[in-house]
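Every number here is computed from the coordinates shown, using simple stated rules; none is lab data. Only a predicted model underlies this, so the values are computations on that prediction, with no experimental measurement involved. FYI the Cβ positions are ideal-geometry reconstructions off the backbone, even for glycines, and counts take in every protein chain you see.
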Amino acid sequence: MMLHLRTRTEYSFRKAFGSIPNVVNCASEAIGIADAGTWGHVNFNKECIKQKKKPIFGVEIGVVEDATERARQPINYMAFLAKNNSGLTEIYQLVTKSTSKENFYYIPRISYYDLFEISENVIILTGTNPNLGLIPLTRKKHIYFEINPMTSKKSFLWAKEKRFQFVATSDNYYPKVTDRKAYEVLVGMNRTERTQPMHLLNEYELVDCIPWIPDEAIQMTYQIADECNAELPQAQMISFDPVKTLEQMCIDGAPERKIDLKDKVYGDRLRREIDMIASKNFEDYFYVIADMINYAKQHMLVGPARGSSAGSLVCYLTGITDIDPIKFDLLFERFIDVTRADLPDIDIDFQDDKREMVFEYLRQKYGAEKVAHLGTVSRYKAKSTITEVSKELGIPAWEVNDLKGAIIERSSGDARAAMCIMDTFNDLEIGKKVLEKYPQIRIAEHMENHARHNGVHAAGIIVTEDPVSKYCSVSAQTGAAQIDKKDAESLNLLKIDALGLRTLSVLNDVLEQVGWERDKLVNYPLEDPEAFDVLNKERYAGIFQFEGYALQSLTRQMKISNFEDIASITALARPGPLTSGGTTQFIKKRTGAEPVYYIHDMVKEVTKVTYGIVVYQEQVMTIAREVGKLTWEEVNQLRRAMSKSLGEEFFDQYWQRFKVGALENNLEEKKAREIWDNINTMGSMAFNRSHAIAYAIVSYWCCVLKSKFPLEFAAACLRNVKDDDQGVKLLREVVREGLGYKPYDKYRSELNWSVQDGELIGGLIGIKGVGPKMAEDIIERRKLKQPLTPRQDKLLDQGETPFDDIFECERRFGHIKKDPAAHKIKTPITDIQDLEADNPGEFVVFGKMMEKNLRDLNEAVNLVKRGGRRAETHNLWLNMKFEDDTGPILAGIDRWKYPKLGKPIVEEGRIGDWYLLKGRINKGFRKLQIDKWRKLT
């Protein structure tokens with residue numbers, strides 16, 4: 001093996017092929033990484049440690065004569081290797097410079113004259129095509145002339161004359177000869193074409209390629225490797241200089257929260273939390289977050305909490321969250337795991353239109369060089385890999401469509417998560433058939449999970465004690481660090497998730513319209529019956545979480561009478577409890593259809609708020625702790641195990657411990673087993689109560705403002721809708737509530753939706769042909785009492801908006817609905833919103849077709865489910881989506897009715913056509929099985 005000082009890996013993103021493990025595996029005792037960027041450094045370091053090889057950290061950057069000149073120039077890709085940690089910081093700073101506005105031109109670049117500024121802490125390799133006249137001869141001590149298969153003998157002789165030191169490299173684009181095809185497919189049209197080898201060469205191959213290479217060039221690789229001793233540093237926690245201790249902050253915050261810390265429950269809880277935080281040296285983390293949120297609350301509406309941080313009394317008293325964990329039976333141990341040393345996640349929701357203010361505050365507080373957005377790395381997923389590989393290999397799309405439908409899919413935690421394509425080819429008949437016909441497609445196995453491209457994390461921010469460049473590169477273009485979330489954790493960097501939530505922007509908009517202070521909403525009592533009535537009267541539009549069918553259906557079944565109902569629905573409207581029957585069980589007990597049953601008095605105390613049903617993870621943890629006497633370490637291990645469904649053998653060890661504790665609590669073994677089976681069954685589906693309470697509060701806030709200020713709430717929602725369809729749905733509800741609106745008013749419309757004289761009025765930008773610039777001009781002319789231009793006048797006199805006809809179904813077919821018998825329709829016509837999974841029967845509805853999807857029983861994915869048995873006849877069926885003025889529904893025509901009912905729709909039906917549909921809703925599944933239809937448009 002040869003010692004390779006500069007290797008390209010998958011982190012050159014579609015310019016080179018090769019996973020970090022495969023590249024490192026090609027190394028001798030040491031290896032250097034030099035990708036276009038430093039995204040791979042952390043994973044490279046981990047793999048080198050794993051394979052017991054010395055890592056050398058470097059980067060490849062394009063060098064031109066003058067990078068500040070905005071023009072294409074001859075470019076040479078040089079490598080920069082860190083000799084020590086000062087050199088590591090230097091190359092990270094070089095990456096930032098290369099991506100700056102002054103230097104970046106299609107690609108990151110620096111100038112040859114920048115080489116004069118690079119210290120001897122960095123070793124420079126001259127690259128393949130150096131501009132010999134621009135290489136700084138005064139820096140020969142740490143600039144090494146690179147000899148690889150692309151180096152010309154002429155330039156070698158020049159370097160020899162100038163007495164440069166030589167070093168041998170491979171100039172690779174993939175690790176092994178056998179990887180060439182994968183490289184060609186991955187890079188596609190952008191691949192480098194050349195006759196010289198492009199893999200990592202051994203010494204014999206190198207000499208064979210370059211007979212004139214001096215021995216010293218190969219020996220120099222070992223000398224440089226010895227000189228390069230940089231190590232990825234572990235970040236120190238930010239040292240915050242607080243005015244008060246964390247405990248004093250809590251004591252001072254208690255009166256504002258109306259909490260008496262002399263109360264033993266609160267006093268003991270605070271002491272336990274403070275001691276735990278101190279034992280893990282997390283105080284500074286809490287200072288940073290509390291300071292940031294305190295700033296944010298002065299400028300915007302902040303979410304009450306997100307996730308398990310709502311379980312901390314310290315977070316509540318310091319103003320980080322707005323939820324009393326004791327009042328809601330939330331667990332601190334769900335927030336900080338005693339078995340782990342890493343920082344807990346305190347995720348926060350901010351207004352999405354003001355989130356960037358938080359980032360800017362952190363930059364001002366700690367220094368711009370110490371704050372950066374977190375990066376992300378996207379990887380090739382199984383289906384997209386098949387799509388791209390087949391396209392590059394010229395395999396027709398229709399040949400692989402069935403294969404993509406049958407791809408084995410696994411969660412990210414699965415040991416074979418990156419081998420879905422391999423297992424599909426090896427284990428499924430469709431995979432074997434495609435492979436037999438197109439054997440070259442097996443190359444897709446090597447591309448699955450390969451790095452694809454990089455980006456900026458939607459919420460993640462890193463804050464460091466020292467400049468970020470001590471730990472990683474930062475792109476000057478995006479402000480994002482060239483590390484992802486896992487890398488940041490490996491480097492012990494402080495990571496803050498500052499998430500933007502559109503609902504908070506809507507709520508703040510309403511508060512500003514009506515003159516409420518934010519604190520008035522945040523502290524509003526959680527028992528307003530008018531707020532609950534918003535949900536009970538099915539006024540769901542704009543209500544956080546409740547615009548989806550699942551939550552609406554549960555609300556209709558049980559009605560809301562208190563805040564806990566909202567939290568319960570939030571937790572129960574999820575696939576686990578919905579499919580397992582847990583949700584149905586809860587509703588029956590909640591509505592009195594079944595008596596509430598408590599397994600034991602000890603369990604009753606924990607589950608009385610959920611009618612004896614285990615709904616929350618915290619309930620599982622409390623039962624395990626109090627009934628089974630498990631330690632907190634065991635409780636957290638049990639919770640994580642349940643969420644991963646690790647199997648009976650794994651759980652049996654916990655059952656033995658639980659049984660011992662239960663017997664000590666004087667429970668019979670039979671009763672202990674009943675409790676254990678119950679939490680074991682429900683635990684895997686249980687939801688984080690802290691998160692449920694936090695998000696239920698945001699939903700409740702929406703209900704409060706909508707109940708009191710319906711027009712202002714509607715205007716705020718309309719100003720923040722994601723599309724016109726959402727706006728139409730919201731306006732329909734406004735009208736049904738007896739409120740009026742105007743799509744626009746020539747003389748009163750503002751830029752966007754507004755409330756004027758008790759009327760909701762559309763904005764000028766909603767008018768077809770009127771953009772923001774013209775709208776602002778119209779408003780300015782109004783203020784100055786100047787006439788509109790002829791074009792503006794015409795647009796406003798004959799304006800069209802998406803909101804002119806929001807009840808299309810009623811307009812077209814209202815007369816039929818009022819008197820169906822007169823149109824030979826025997827069954828009453830039902831609104832689509834009234835079709836329920838728990839109310840089976842036969843119905844007639846109007847519906848506009850929004851989607852149609854022809855399915856085949858002989859599709860690969862369906863053949864797999866049936867063990868390869870083909871349907872010789874009646875193999876086609878049709879899935880569709882229809883909607884009326886009240887909402888959407890899935891519909892289907894089964895394979896027996898398809899020839900008569902489905903085929904005409906497939907061949908002649910168009911999206912947007914209206915139909916009169918007659919069909920059945922079967923119990924438990926909200927889908928209209930169509931028996932008859934009549935096309936109306």
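From the backbone phi of the range 47-59, what are the Karplus-calculated ³J(HN,Hα) couplings (6.51 cos²θ - 1.76 cosθ + 1.60, θ = phi - 60°) in whole Hz, Gly and Pro given as x?
5, 5, 4, 4, 8, 6, 10, 7, x, 10, 9, x, 8
Starting from the Cα-Cα distance between Glu102 and Asp804, subtract it from 0.36 nm times their residue separation and give me the gain in nm to one decimal. Working shown, then result.
Numbers: separation 702, 0.36 × 702 = 252.72 nm, distance 4.92 nm.
Length difference between fully extended and current span is 247.8 nm.
Compute the helix-to-body angle for 632-644: its Cα long axis versus the longest principal axis of the chain, expressed 0 to 90° and rounded to tens.
That works out to roughly 80 degrees.
Zone of Thr789 (label point 7 Å along Cα→Cβ, backbone N under 12 Å): which residues in the range 747-772?
770-771
What whole-number distance in Å separates the alpha-carbon centres of the range 148-219 and the range 419-497?
28 Å
Which percent, nearest 5, of DSSP beta bridges in the chain are antiparallel? Write down the numbers at each step before the final one.
Working: 57 of 84 bridges.
Bridges in the chain that DSSP calls antiparallel: roughly 70 percent.
Of Lys588/Lys932; Lys97/Lys470; Lys437/Lys900, which sit over 25 Å apart, Cα to Cα? List each step's numbers first, then the result.
Numbers: Lys588/Lys932 35 Å; Lys97/Lys470 15 Å; Lys437/Lys900 36 Å.
Beyond 25 Å between Cα atoms: Lys588/Lys932; Lys437/Lys900.
Only bridges whose two residues both fall in the range 4-227 count here: according to DSSP, what percent of them are antiparallel, nearest 5? It would help to have the intermediate numbers written out before the result.
Details: 11 of 26 bridges.
In the range 4-227, approximately 40 percent of DSSP beta bridges are antiparallel ones.
Is it possible to state the helix-based mean residue ellipticity at 222 nm for the chain, with each DSSP H run of 4+ residues giving -39500 (n - 2.57), the sum divided by total residues, to the nearest 500 deg cm²/dmol? What is it?
On the way: 38 runs with 383 residues, N = 937.
After summing the helix terms and dividing by the residues of the chain, the value is -12000 deg cm²/dmol.
Can you tell me the orientation of helix 215-227 relative to the chain, as the angle in degrees between its alpha-carbon axis and the longest Cα principal axis, to the nearest 10?
Its long axis makes an angle of about 50 degrees.
Which entries in Lys383/Lys768; Lys381/Lys881; Lys176/Lys383; Lys297/Lys370 show an alpha-carbon gap greater than 32 Å?
Values: Lys383/Lys768 39 Å; Lys381/Lys881 28 Å; Lys176/Lys383 26 Å; Lys297/Lys370 23 Å.
As for pairs spanning more than 32 Å Cα to Cα, those are Lys383/Lys768.
Rounded if a/c is under 1.5, else prolate if a/b is larger than b/c, else oblate: which is the range 662-705, with a ≥ b ≥ c the root eigenvalues of its Cα gyration tensor?
On the way: a/c = 5.06, a/b = 3.27, b/c = 1.54.
In terms of gyration-tensor shape, prolate.
Report the Cα centroid-to-centroid distance between the range 360-377 and the range 866-937 in angstrom, as an integer.
53 Å
Taking the 0 to 90 degree range and rounding to the nearest ten, how far is the long axis of helix 283-297 tilted relative to the main principal axis of the chain, both from C-alpha atoms?
Taking Cα atoms only, the helix is inclined about 60 degrees.
For q values of 0.11, 0.14, 0.23 Å⁻¹, compute log₁₀ I(q)/I(0) with the Debye formula on a Cα-only model of the range 808-935, without solvent.
-0.41, -0.64, -1.39
Grab the beta carbon distance between Ile238 and Val596, set R0 = 45 Å, and tell me the FRET efficiency rounded to 0.05. Working shown, then result.
Working: r = 49 Å, r/R0 = 1.10.
Efficiency computed from Cβ-Cβ geometry: 0.35.
Label points 7 Å out from Cα along the Cβ direction at Tyr222 and Glu360: separation in nm?
5.8 nm
Under the 0.36 nm per residue contour assumption, what length would be gained going from the current alpha-carbon distance of Val207 and Ile911 to full extension?
Roughly 246.8 nm would be gained on extension.
In cubic angstrom, how much convex hull volume per residue do the alpha carbon atoms of the range 578-686 span?
Considering the Cα atoms of the range 578-686, their hull volume per residue is 92 Å³.
Calculate the spin-label point distance for Glu842 paired with Lys53, positioning each point 7 Å from the Cα along the beta-carbon direction, and give it in nanometres.
Label-label distance for Lys53 and Glu842, simple model: 7.3 nm.
For the pair Asp931/Thr138, report the inter-label distance in nm, with labels modelled 7 Å from Cα in the Cβ direction.
9.3 nm
Report, in whole Å, the centroid distance computed from the Cα atoms of the range 47-106 and the range 293-328.
Centre-to-centre distance over Cα atoms comes out at 42 Å.
Too long at a 24 Å Cα-Cα cut-off: which of Lys817/Lys848; Lys264/Lys520; Lys817/Lys927?
Pairs exceeding 24 Å: Lys264/Lys520.
Assign one of three labels to the range 22-169, namely rounded, prolate or oblate, based on the Cα gyration tensor with a ≥ b ≥ c the square roots of its eigenvalues; rounded applies when a/c is under 1.5, prolate when it is not and a/b is larger than b/c, and oblate otherwise.
It is oblate, given that a/c is not under 1.5 and a/b is not larger than b/c.
Please work out how much length the chain gains when fully extended from His823 to His299, using 0.36 nm per residue of separation minus the C-alpha to C-alpha distance, in nm with one decimal.
Details: separation 524, 0.36 × 524 = 188.64 nm, distance 5.95 nm.
This chain segment gains 182.7 nm when fully extended.
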